[in-house]
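Just below is one structure, and these are the notes that go with it.
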Amino acid sequence: MLCLLIFVAKWALGVSLAGNSPLKEPTQTKDGANQFSNLESVEPTISITVVGASGDLAKKKIFPALFALFYEDCLPKHFTIYGYARSKMTDEELREMISGTLTCRIDKRENCGDKMDQFLQRCFYNSGLYNSEENFSELDRKLKEKEVGRLANRLFYLSIPPNIFVDAVKYASSRASSASGWTRVIVEKPFGRDSDSSGELTRSFKQYLTEEQIFRIDHYLGKELVENLSVLRFSNLVFEPLWSRNYIRNVQLIFSEDFGTEGRGGYFDNYGIIRDIMQNHLLQILALFAMETPVTLDAEDIRNEKVKVLRSMRQLTLDNVIVGQYKGHTRGSKSYPAYTDDPTVPNNSLTPTFAALAIFIDNARWDGVPFLMKAGKALHTKGAEIRVQFRHVPGNLYKQNFGADLDKATNELVIRVQPDEGIYLKINNKVPGLGMRLDRSDLNLLYKARYTKEIPDAYETLLLDAIEGEHRLFIRSDELVAAWSLFTPLLKELEEKKIAPELYPYGSRGPVGAHYLAAKHNIRWGDLSDDS
Amino acid sequence: MATVSSPNCPSSSSSYSRITPSSPSSQLLPIRLASKQFLPKKISLRLPRYWNVLLSQDVAATSTPPASKAPLKKLKDGLLSTTSSEDSRELANFSINEKGSTVSITVVGASGDLAKKKIFPALFALYYEDCLPKHFTVFGYARSKMTDVELRDMVSRTLTCRIDKRENCSEKMDQFLKRCFYHSGQYDSEENFKELAKKMKEQEFEDVPLLMQDGRISNRLFYLSVPPNIFIDVVKCASTSASSANGWTRVIVEKPFGRDFESSAALTRSLKEYLVEDQIFRIDHYLGKELVENLSVLRFSNLIFEPLWSRQYIRNVQFIFSEDFGTEGRGGYFDNYGIIRDIMQNHLLQMLALFAMETPVTLEAEDIRNEKVKVLRSMKPLQLENMVIGQYKGHTKGGVTYPAYTDDKTVPKGSLTPTFAATALFINNARWDGVPFLMKAGKALHTKRAEIRVQFRHVPGNLYNRSFGTDLDRATNELVIRVQPDEAIYLKINNKVPGLGMRLDRSNLNLHYAARYKNEIPDAYERLLLDAIEGERRLFIRSDELDAAWSLFTPLLKEIEEKKIIPEYYPYGSRGPVGAHYLAARYNVRWGDISAAEHHHE
């Protein structure tokens, strides 16, 4: 019921979308499918195949998200879920494995056991190789059995290592695409490791899929507060007038984890923090933050604006980058390992586990405003946030009340993406009482306090969007090209020059270099200032 | 005046805004320059300790007569403000505080309600916070016969200690009460005031050896807590028979300042026969409220508000005052004034002026008051069609019966006096042209509150229009400054409802004072009394401000009274007359305090 409402609301928002988006093939859109079903008066069915079903992501995120969608009545009435992986497993064993990680929403515990059983009944497993035509044909046969003559839509979620992406795509599309409905493929990062490899990957995809069929997931875009960013900007009068170089001094995008690779550094070491977090997650948030107002909220309009921002960015230079790597650290009686202590990491690895950089957007809105990014592992906190620091008040009447540090007196808007989702605006305020002491206080919106419902996981949002054919939160090929062209030269230079990362202790606030980088642009990191 | 109070007083650490010359700004600049020339910055540092003391005493001591006081005081201010070093400031404090000066505060009308409930407790709170000068005396003056002890007994019943500082409270209270004295006298008897002056003198020098008495400056503050018809008598007697010989003499007056332009001007003229402008402190206790003081801080110390503060972004502004009780047997005074004079012409209009004024040159009193006058003088004359008046009628809810206004025994049966009024004002200047400023004030309504609501314009070309349904007004941002109760500031913003889908919702970006600040917020009277003692005039109303305020309201009040406009009746405890909604609707406004969304949120 709830989801039906959401569905209608989304549809209402996207009414213009079906009509005027030239990229969409009518038969592949949700709306097309609906028309079809009306004609046939048969409800469509959807088969969701999780390729790499035995992997970690599948267990921890994908199956639970699918169940949550089912629980919220957001999946179509007829659906089937297939796990596909190399390991031998029965349907029962798959169900057993999944059920361990399914949870019921805190706010809706009722019938949970029932619902879970119903859900598991619709889950099946097919064992096969990722590069076997044979095995995918077999899957196709099994899918058809479940689809029994209905209009059949198929969604493949590739939760597998990048080196087998192309094989899986090839066979899924040639052997197991739907004959009557749409076929869509969700892919997870990494999308290559530089412009060339990413371009190569995209070219290979496009041999088998059209742009419309590819859903490149960046799960940060599914996060509640990232989704809210556009709402904040475009549905409130009070923010948009301030959203430019006239009023914004700098913007900070900060990501930190309070743990290291912990024995799973094999994949990471080949990519490093810049590829793993900055080039995708932080850059995507930045693009959403800085883009011009799109013509509509349709996916193509938004993505057009994002590409424009990415393409307006000034080339990154080595002097605007700091890389770091965590080293071992003993606190109290506890020892924390260095990055290179991880057995899956080469001993002499120069891979950055921390990076900070300054980006500039050379357009009329943002010329000269530093956008600082910072991402790191094994830091003292865990969080992701956007901080907007506003300029000083020109001719501030209260200057003398602030002491020497005028930077502390500026307004700051903080959008905390995780944990403890919240928005707050730091303002100057008189301390109540006789006299005139000023103080920074927060105008606050803490989600936990305002909304009692659990915030859905980003994967739920994104899976639902993929099922509904909503591309807004997925990354288009040209966006990806622009993102890589920004970072590739820098990454090449770092690697060719074998730039040694600045070592910082596990659990610390990261390398000091990050402060100097910020200071060079007259900035203080908002997350490391006294009053945070 | 620099800080006359001890460094423990919160106001003394702030001091920037309080080191303010107190005279018309036109004279300010040359004198400051002069004092800088003659007293270079470092000089006070080089002076031996006693020299500094002597110097400031000299300056102060010669500044006796009220008329010539101002320029000399400025010299002293110049001196203080040019000594940038903390050291020298302390020395100056020492000179004024420890030996130099004493203040006698006379509450005229000491047996009245306001005195008991507000003035004495405020004085005690200031004392408790170390904000009074070290040597001070409090006098009660009224007609009733009473001894000092009886006064102390009466006062002590209403004194309370701050919640956050209970320690030593009763000790402090005793010390305070020992400094309280009573003098019985007629309000129009110079004789009686002379007696008062004599008693004052005794107290002013009680702790100083005879030889040193010459050096002590005795300042005197009179708080007139008496009915308006005896203002002038008291001022006359106090100024002729009880003003200070060598320090300042200041008089605090409470509303009503007349009941129209003419009577107010006559009052001012009479006051000025005995006092100069600098000696008159017209109190509007709303200006002492924490969030009204914070209004300028919000506007001028935050980048994010000022760009929005104009007709370009603000759709309308609402000033709302409501009480949830009627006159309850004390309507005698009120009936002669009505809600427009009692609340709008002063409290709400003052808040409006602060809200809408241009940025002042500095935070000094004269600069701020200059800007306020400009706003008041830019206002479009009020039209009867832009005014709704109401009067509450009896109402029975549950088993409880609430009386009508005219049921009040002190109110004439056929009274047409409004207990409710709503009006739309316009400011014809570049910043505010066309923006309706709505005011609403009423008694016997369903809630009790005072707040400012700023409704912003619709988002032009809003991408999310479809998500808001038909009522786009609900989708606009709103800044609410709640003055009382539960002081708070919040900004209503649109927000995505967490969850799948794209439902939008208005949430608040919130600053709730009770949650953020543990200290008790001082009563408005404390702040204002302290300001009067320190000579800070920022929060008091200047004569020309008062003139401007009355010129705005007088024609309309006359019209209402001459035409005997009948108020719209509304039930006791209701949301007020429906007319207020139609008035707002004419300007495409909804009252923010009674919209559905508001109730949903609170």
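The values are calculated or read from the model by the stated rules, or taken from the named source; none is laboratory data. Not measured: the values here are computed from a predicted model. Cβ placement follows ideal geometry from the backbone for every residue including glycine, while neighbour counts extend to all protein chains displayed.
Some notes on this structure:
- Subset tally (residues that are in contact with a Phe, Trp or Tyr (Cβ under 7 Å, 6 or more places away or on another chain) and either within 7 Å of another protein chain (Cβ to nearest Cβ) or more than 18 Å from B:F355 (Cα to Cα) (or both)) for region B:477-493: 1
- A:P432 vs. criteria under 26 Å from A:G181 (Cβ atoms), facing chain B (nearest Cβ under 7 Å) and at pLDDT below 85: no
- When A:Q389, A:Q400, A:Q325 are screened for being among the polar types (S, T, N, Q) and surrounded by fewer than 18 Cβ atoms within 10 Å (Cβ to Cβ), only A:Q400 passes.
- Selection of region A:53-87 for residues being under 27 Å from A:G149 (Cα atoms) and assigned to a loop (DSSP other than H, G, I, E, B) yields A:A53, A:E72, A:D73, A:C74, A:L75, A:P76, A:K77.
- Region A:410-448 - residue that is part of a loop (DSSP other than H, G, I, E, B) and in contact (Cβ under 8 Å) with a residue 60 or more places away in the chain and, of those, nearest to B:G288 (Cα to Cα): A:T410
This table checks each residue for (1) farther than 20 Å from A:F215 by Cα; (2) in contact (Cβ under 8 Å) with a residue 60 or more places away in the chain.
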site: A:E262; (1), (2): yes, yes
site: A:F268; (1), (2): yes, yes
site: A:G272; (1), (2): yes, yes
site: A:H281; (1), (2): no, yes
site: A:Q284; (1), (2): no, yes
site: A:L288; (1), (2): no, yes
site: A:E292; (1), (2): yes, yes
site: A:V295; (1), (2): yes, no
site: A:D298; (1), (2): no, yes
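Each row is one residue, and each column tells you yes or no for (1) small (G, A, S); (2) touching a His at 6+ places or on another chain (Cβ under 9 Å); (3) in the same structural domain as B:F334 (by TED's automatic domain parsing).
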| site | (1), (2), (3) |
| --- | --- |
| B:D408 | no, no, yes |
| B:S415 | yes, no, yes |
| B:P418 | no, no, yes |
| B:L425 | no, no, yes |
| B:W432 | no, no, yes |
| B:A441 | yes, yes, yes |
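- Positions within region A:142-153 being modelled with pLDDT of 90 or more, in contact with a helix residue (DSSP H, G or I) (Cβ under 9 Å, 6 or more places away or on another chain) and of a type outside the set (A, V, I, L, M), in sequence order: A:N153
- Some residue of region A:229-236 being within 17 Å of the chain's Cα centre (by Cα), surrounded by 18 or more Cβ atoms within 10 Å (Cβ to Cβ), under 19 Å from A:K306 (Cα atoms) and not assigned by the TED database to the domain that holds A:V481: no
- Meets criteria (more than 25 Å from A:I427 (Cβ to Cβ) and within 29 Å of the chain's Cα centre (by Cα)) for B:A532: yes
- Considering region A:143-161, the residues that are crowded, with 20+ Cβ neighbours inside 10 Å and of a type outside the set (A, V, I, L, M, F, W, C) include one that is farthest from A:L66 (Cα to Cα), namely A:E147.
- Restricting attention to region B:378-408 and to residues that are touching an Asp or Glu at 6+ places or on another chain (Cβ under 9 Å) and in a helix (DSSP H, G or I), the residue that is surrounded by the most Cβ atoms within 10 Å (Cβ to Cβ) turns out to be B:Y405.
- Helices (runs of 4 or more DSSP H) wholly inside region A:104-182 containing at least 3 residues that are in contact with a Leu (Cβ under 7 Å, 6 or more places away or on another chain): A:165-176
- For the residues B:A242, B:A265, B:A197, the requirement of being of a type in the set (A, V, I, L, M), modelled with pLDDT of 90 or more, outside the structural domain of B:I343 (by TED's automatic domain parsing) and in contact with a Leu (Cβ under 7 Å, 6 or more places away or on another chain) singles out B:A242.
- On inspection, B:A475 fails the criterion of being in contact with a Pro (Cβ under 9 Å, 6 or more places away or on another chain) and in contact (Cβ under 8 Å) with a residue 24 or more places away in the chain.
- Within region B:128-143, one or more residues are of a type in the set (D, E) and farther than 22 Å from B:K236 by Cβ.
- In this structure, B:P567 qualifies as more than 14 Å from every other protein chain (Cβ to nearest Cβ), farther than 24 Å from B:R299 by Cα and either polar (S, T, N, Q) or surrounded by 23 or more Cβ atoms within 10 Å (Cβ to Cβ) (or both).
- Matching entry among B:I493, B:I481 (being within 20 Å of the chain's Cα centre (by Cα), among the aliphatic types (A, V, I, L, M) and not in a helix (DSSP H, G or I)): B:I481
- B:E366 touching a residue at least 40 places away in the same chain (Cβ under 8 Å) and surrounded by fewer than 18 Cβ atoms within 10 Å (Cβ to Cβ): no
- From the list B:E306, B:E293, the one residue that fits, being in contact with a strand residue (DSSP E or B) (Cβ under 8 Å, 6 or more places away or on another chain) and within 14 Å of chain A (Cβ to nearest Cβ), is B:E293.
- Exactly one residue out of A:L225, A:L158 is within 14 Å of chain B (Cβ to nearest Cβ) and under 17 Å from the mean Cα position of the chain (by Cα): that is A:L225.
- Within region A:193-308, helices (runs of 4 or more DSSP H) holding 2 or more residues that are in contact with a Pro (Cβ under 7 Å, 6 or more places away or on another chain) and not hydrophobic (A, V, I, L, M, F, W, C): A:265-273
- The condition (being facing chain A (nearest Cβ under 7 Å), farther than 23 Å from A:K430 by Cβ and in contact with a Lys or Arg (Cβ under 8 Å, 6 or more places away or on another chain)) is satisfied by just one residue among B:R457, B:R466, B:R474: B:R457.
- Note on region A:451-532: enclosed helices (runs of 4 or more DSSP H) holding 3 or more residues that are more than 29 Å from A:E200 (Cα to Cα) are A:513-520.
- Residue check, B:D335 farther than 23 Å from B:V483 by Cα, within 14 Å of another protein chain (Cβ to nearest Cβ) and not in a loop (DSSP other than H, G, I, E, B): no
- Subset of region B:494-515 (residues that are in contact (Cβ under 8 Å) with a residue 24 or more places away in the chain, more than 7 Å from chain A (Cβ to nearest Cβ) and out of contact with any Lys or Arg (no Cβ under 7 Å at 6 or more places or on another chain)): B:H512, B:A514
- Test: residue in region A:302-314 that is surrounded by fewer than 16 Cβ atoms within 10 Å (Cβ to Cβ) and among the β-branched types (V, I, T): no
- Any hit, region A:397-407, residues being more than 7 Å from chain B (Cβ to nearest Cβ) and touching an Asp or Glu at 6+ places or on another chain (Cβ under 8 Å): no
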